[in-house]
């Protein structure tokens, strides 16, 4: 093998290993993410071993690792759990939370939990979220929760905001998905059914009253019509009797002759 060929082989090998190195030692941070350069070994490992990076990042895969932390809004549907009100009633909570990492806070979150964000959201924060609901439920009786639902929800949201902000997140939306105790649900359903039945009866009564008024109006109109017919028939009857008894002579009333006299 001559020197020229050897140089080409060596150059190709260097280029190949350079390409492999570029693939394994660089990472591009996508839009909507923050990058974390984490030192896994060495003297720098510890409190200051996480650096916030953006764009294309070069790193040593033997001692460093790059993590992408999403900073867009994420929605987590947590499994339902039960909590007790102040008077002991058992409620079921089925929360859905939309939140995002506060810009620049991903190093803080990673240092505290050493986990990816999805693991933190879906697993690590669960018990803390349950505690927020337990604390707030213990302040209210069953009646207060039902009649003052808005005040209760506002209290939960305020506590959740404070808690999540302390963890490096901002709360975008919270849905508690509260389910009332079975006995309360049955009572509410019975009350709603009674209200609907009362409304139905009231509507039927209004229809019946309207029909009755209609019949009364019709009866009054019929009576007036009969009275008018009666008066007309009486007038005709009198005139017919007059004709039957007429002797053929023209009757004179007052100064002017007339064939029939008006009968009042």
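Miscellaneous remarks
- Number of the condition not met by residue 131 [criteria: (1) crowded, with 16+ Cβ neighbours inside 10 Å; (2) closer than 30 Å to residue 178 by Cβ]: (1)
- Search result, residues across segment 50-65 that are under 21 Å from residue 113 (Cα atoms) and either surrounded by fewer than 18 Cβ atoms within 10 Å (Cβ to Cβ) or modelled with pLDDT of 75 or more (or both): 51, 52, 53, 63, 64, 65
- Within segment 114-145, the residues that satisfy the criterion of being assigned to a helix (DSSP H, G or I) and over 23 Å from residue 173 (Cβ atoms) are 142, 143, 144.
- Here residue 151 clears all of (1) in a helix (DSSP H, G or I); (2) surrounded by 15 or more Cβ atoms within 10 Å (Cβ to Cβ) except the condition numbered (2).
- Meeting the requirement of 1 or more residues that are over 20 Å from residue 168 (Cα atoms), the strands (runs of 3 or more DSSP E) wholly within segment 28-109 are 33-39, 56-58, 64-70, 81-84, 90-93.
- Count of residues meeting criterion [more than 15 Å from residue 178 (Cβ to Cβ) and touching a strand residue (DSSP E or B) at 6+ places or on another chain (Cβ under 9 Å)] in segment 78-107: 10
- Residue among 186, 111, 159, 191 that alone is surrounded by fewer than 17 Cβ atoms within 10 Å (Cβ to Cβ), at pLDDT 90 or above and either over 30 Å from residue 31 (Cα atoms) or touching a strand residue (DSSP E or B) at 6+ places or on another chain (Cβ under 8 Å) (or both): 159
- Residues of segment 134-148 classified as surrounded by 17 or more Cβ atoms within 10 Å (Cβ to Cβ) and out of contact with any helix residue (DSSP H, G or I) (no Cβ under 9 Å at 6 or more places or on another chain), total: 0
The values are calculated or read from the model by the stated rules, or taken from the named source; none is laboratory data. Owing to the predicted nature of the structure, the values given are computational and were not obtained by experimental measurement. Methodologically, a virtual Cβ is constructed for each residue, glycine included, from the backbone with ideal geometry; neighbour enumeration extends over all protein chains shown.
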